[in-house]
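Read the structure below first, then the notes.
The values are calculated or read from the model by the stated rules, or taken from the named source; none is laboratory data. Keep in mind the model is a prediction, meaning the values are calculated, not measured. Heads up, the Cβs are rebuilt from the backbone with ideal geometry, glycines too, and the neighbour counts pull from every protein chain shown. Heads up: the accessible areas ignore ligands, DNA and RNA and are worked out on the full protein's heavy atoms, side chains in. Shrake-Rupley method; radii C 1.70, N 1.55, O 1.52, S 1.80 Å.
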Amino acid sequence: YTAAKLLRWSIERFRESKQGPMLARASEVFYGLTAGAFKKLAVDYESEPLKLSGQRATGELVDIEGMSEGTRDQLYLALRLAALELHLQQTAPLPFIADDLFINYDDSRARAGLAALARLSEMTQVIFLSHHAHLVPVAQSIFGDDLHVVNLS
């Protein structure tokens with residue numbers, strides 16, 4: 001019993017220390033998008049199929065189904081941005097076009113999302129389309145003079 005428990009513990013420690021770059025980066029982005037509500041993403045290697053969860057600062061694991069719609073949107077954005085960042089390290093950059101990414105976000109979540117896009121804009125051009133005028137001052141506070149706003153009438 002003790003040997004089996006020690007083996008499981010060792011395997012889990014190895015998985016945590018050697019987790020893929022995509023999961024590690026997605027965890028960092030998700031942490032920022034959720035303002036620290038989730039400290040990292042975790043994969044349950046025992047379930048079939050594998051299951052992705054968010055781990056709260058308290059250690060509690062929250063399945064995707066247990067997350068709010070806004071938090072799920074943040075998770076999917078974190079995964080997309082992490083994949084894109086890894087892709088950009090190996091290929092020529094193409095513009096990233098985002099159309100109303102923050103439709104289910106409140107203002108603080110939108111601010112965190114725009115901050116994540118600002119980090120991405122250091123690697124490639126980011127084009128953000130939105131019909132939410134209240135996001136313009138938020139974006140201006142994050143991007144500063146690097147932001148170019150085009151109003152379509």
How do 131, 148, 87 stack up against each other in accessible area, from largest to smallest, with a 1.4 angstrom probe?
148, 131, 87
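With a 1.4 Å probe and all protein chains kept in place, how do 88, 129, 41 rank by accessible area, largest first?
Highest to lowest solvent-accessible surface, that is 129, 88, 41.
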Just from its helices, what would the mean residue ellipticity at 222 nm be for the chain, if runs of 4 or more DSSP H residues each count -39500 (n - 2.57) and the sum is divided by every residue, rounded to the nearest 500 deg cm²/dmol?
-15500 deg cm²/dmol
Using only the Cα atoms of region 95-153, build the gyration tensor, take square roots of its eigenvalues as a ≥ b ≥ c, and label the shape rounded, prolate or oblate: rounded if a/c is under 1.5, else prolate if a/b is larger than b/c, else oblate.
rounded
At a 1.4 Å probe radius, carbon and sulfur cover how many percent of the accessible area of the chain?
55 percent
To the nearest 10 degrees, how steep is helix 107-120 against the longest Cα principal axis of the chain, on a 0 to 90 scale?
90 degrees
Suppose accessible area is computed on protein heavy atoms with a 1.4 Å probe; arrange 120, 7 from highest to lowest.
7, 120
Using a basic spin-label model with each label point 7 Å from the Cα along Cα→Cβ, how many nm lie between residue 87 and residue 1?
5.0 nm
Nearest 10 degrees is fine. How inclined is helix 2-17 to the longest principal axis of the chain, computing both from alpha carbons?
20 degrees
So what does residue 111 come to for accessible area, using a 1.4 Å probe and Å² rounded to 10?
110 Å²
